[in-house]
Amino acid sequence: MLKDIAIGMLSENYLLHVDMLECIRRGSAEILYASEEGVLLVDIPSQVFMISAFNNHTSENLISKIPDSAEIIAAHDKFSYDSLLKKHDYSARMICHNTVYTKKTLIPVENFDIKIKHLNTDYKDTIISNYTKAEVVDSNYIEERLKANVMLGAFINNDLCGFIGNHSEGSIGMLEVFLKYRGNGIGMALQIAATNDSLANKRYAYGQVVEGNLASTKLQKKLGFELSKDRVYWLIR
């Protein structure tokens with residue numbers, strides 16, 4: 001069965017492939033190809049194409065199956081990344097490492113002065129105006145994530161001071177702490193809340209850190225996350 005073959009191949013490097021495995025786990029993936037040498041799938045809700053190949057020949061075969069209309073591709077090997085760059089122009093690129101909380105126990109809450117709650121669309125404009133990676137996602141995406149009830153906000157004295165959420169393909173992300181509130185443990189509080197929410201809902205608790213983001217890497221490791229040695233290459237048309 002194609003699904004079993006895909007899971008077997010991807011599980012050989014769980015940290016690198018956790019995003020692909022999460023899409024399969026939640027039943028949102030259409031597996032377009034799977035063998036011992038590579039997997040290609042598309043996450044239906046997000047329309048993110050995810051590819052992982054062990055060699056250049058397999059990579060070229062899988063890339064030929066990706067439609068030209070694909071707007072977001074997550075390549076899990078350098079063969080595919082280099083080949084895709086030659087075939088298309090992309091408006092944005094991100095080189096990341098997956099970061100995964102592999103433990104089954106919830107992370108203890110350390111700061112009870114910071115209140116965490118789900119955000120609704122009333123906070124859309126505030127999120128957009130404060131999100132430093134707003135060039136990667138548009139306002140419609142933020143609104144969709146709010147309506148999906150996967151955005152969490154941190155409050156001090158009823159003032160919103162930061163947020164975090166789950167991307168449509170399943171990863172924890174969009175972590176932002178407002179400038180004047182930084183250095184107060186808010187980022188950690190949000191990361192703990194999002195991680196525990198994923199665990200409580202039986203999702204893989206994972207995200208990505210952009211290569212070279214030392215502050216985020218330090219936070220993830222402090223909370224017990226493991227980072228993939230290999231990179232994930234995000235390509236956005």
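Being outside the structural domain of L190 (by TED's automatic domain parsing) and more than 16 Å from L41 (Cα to Cα) narrows it down to one residue among E71, E60, E110; which is it?
Details: E71 fails: more than 16 Å from L41 (Cα to Cα); E60 fails: more than 16 Å from L41 (Cα to Cα).
Testing whether each residue is outside the structural domain of L190 (by TED's automatic domain parsing) and more than 16 Å from L41 (Cα to Cα) leaves just E110.
Any idea how many residues of the range 62-73 are surrounded by fewer than 16 Cβ atoms within 10 Å (Cβ to Cβ) and over 21 Å from the mean Cα position of the chain (by Cα)?
Looking only at that region, the number is 5.
Taking interchain pairs and intrachain pairs at least six residues apart, which have beta carbon atoms under 6 angstrom, with the first residue in the range 36-61 and more than 19 Å from E22 (Cα to Cα) and the second charged (D, E, K, R)?
Qualifying pairs under 6 Å: F54/E37; T58/E37.
Select from the range 220-230 the residues that are of a type outside the set (A, V, I, L, M, F, W, C) and either assigned to a strand (DSSP E or B) or buried (at least 18 other Cβ atoms within 10 Å of the Cβ) (or both) and list them in ascending order. Steps first, please.
Just the residues of the range 220-230 that are of a type outside the set (A, V, I, L, M, F, W, C), to begin with: 220-222, 224, 226, 228-230.
Across the range 220-230, the qualifying residues are Q220, E226, S228.
Residue by residue through the range 159-199, note down the ones that are assigned to a loop (DSSP other than H, G, I, E, B), farther than 22 Å from L214 by Cβ and free of Cβ contacts under 8 Å to residues at least 24 places away in the same chain.
none
Taking D138, is it out of contact with any Asp or Glu (no Cβ under 6 Å at 6 or more places or on another chain), of a type outside the set (K, R) and at pLDDT 95 or above? Please lay out each step first, then the result.
Values: out of contact with any Asp or Glu (no Cβ under 6 Å at 6 or more places or on another chain): yes; of a type outside the set (K, R): yes; at pLDDT 95 or above: no.
In short, no.
This table checks each residue for (1) touching a Gly at 6+ places or on another chain (Cβ under 6 Å); (2) of a type in the set (K, R); (3) surrounded by 17 or more Cβ atoms within 10 Å (Cβ to Cβ); (4) under 26 Å from R237 (Cβ atoms).
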| residue | (1), (2), (3), (4) |
| --- | --- |
| F112 | no, no, no, no |
| I116 | no, no, yes, no |
| N140 | no, no, no, yes |
| E143 | no, no, no, yes |
| N149 | no, no, no, no |
| D159 | no, no, no, no |
| G162 | no, no, yes, no |
| K180 | no, yes, no, no |
| M188 | no, no, yes, no |
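Under 16 Å from V48 (Cα atoms), buried (at least 18 other Cβ atoms within 10 Å of the Cβ) and not assigned by TED's automatic domain parsing to the domain that holds M188: does that describe H167?
For H167, the condition - under 16 Å from V48 (Cα atoms), buried (at least 18 other Cβ atoms within 10 Å of the Cβ) and not assigned by TED's automatic domain parsing to the domain that holds M188 - is not met.
Identify, by number, the condition in (1) modelled with pLDDT of 95 or more; (2) out of contact with any Leu (no Cβ under 7 Å at 6 or more places or on another chain); (3) surrounded by 14 or more Cβ atoms within 10 Å (Cβ to Cβ) that H76 doesn't meet.
Here H76 clears every test but (2).
On the given criteria, is F49 in a helix (DSSP H, G or I) and surrounded by 21 or more Cβ atoms within 10 Å (Cβ to Cβ)?
Numbers: in a helix (DSSP H, G or I): no; surrounded by 21 or more Cβ atoms within 10 Å (Cβ to Cβ): yes.
Judged against the criteria, F49 is not a match.
For the condition polar (S, T, N, Q) and loosely packed, with under 15 Cβ neighbours inside 10 Å, what is the one hit in N56, N13? Working first, answer last.
Numbers: N13 fails: loosely packed, with under 15 Cβ neighbours inside 10 Å.
When all the criteria are applied, what remains is N56.
Take the residues in the range 108-132 that are part of a helix (DSSP H, G or I) and polar (S, T, N, Q), then tell me which one is nearest to V150 (Cα to Cα). I'd like the intermediate steps shown before the answer.
As a first pass, look at the range 108-132 and keep what is part of a helix (DSSP H, G or I): 121-130.
After this cut, where a residue has to be polar (S, T, N, Q) as well, the list is 121, 126, 129-130.
Numbers: T121: 11, T126: 16, S129: 19, N130: 18 Å.
Among residues in the range 108-132 that are part of a helix (DSSP H, G or I) and polar (S, T, N, Q), the one nearest to V150 (Cα to Cα) is T121.
Has the range 124-137 got at least one residue that is among the hydroxyl-bearing types (S, T, Y), closer than 29 Å to E30 by Cβ and exposed (fewer than 14 other Cβ atoms within 10 Å of the Cβ)? Break it down stepwise before answering.
Taking the range 124-137 and keeping what is among the hydroxyl-bearing types (S, T, Y), we get 126, 129, 131-132.
This time we only want the ones that are closer than 29 Å to E30 by Cβ, so: none.
No, because not a single residue in the range 124-137 is among the hydroxyl-bearing types (S, T, Y), closer than 29 Å to E30 by Cβ and exposed (fewer than 14 other Cβ atoms within 10 Å of the Cβ).
What are the residue pairs meeting all of these: first residue in the range 21-32, first residue without any contact (Cβ under 8 Å) to a residue 40 or more places away in the chain, second residue of a type in the set (S, T, Y) and part of a helix (DSSP H, G or I), Cβ atoms under 8 Å, and 6 or more apart or on different chains?
So the pair list comes out empty.
Could you run through the range 52-68 and say how many residues are of a type in the set (D, E) and not in a loop (DSSP other than H, G, I, E, B)?
1
The values are calculated or read from the model by the stated rules, or taken from the named source; none is laboratory data. Since the model is a prediction, treat every value here as computed from it, not as a measurement. Methodologically, a virtual Cβ is constructed for each residue, glycine included, from the backbone with ideal geometry; neighbour enumeration extends over all protein chains shown.
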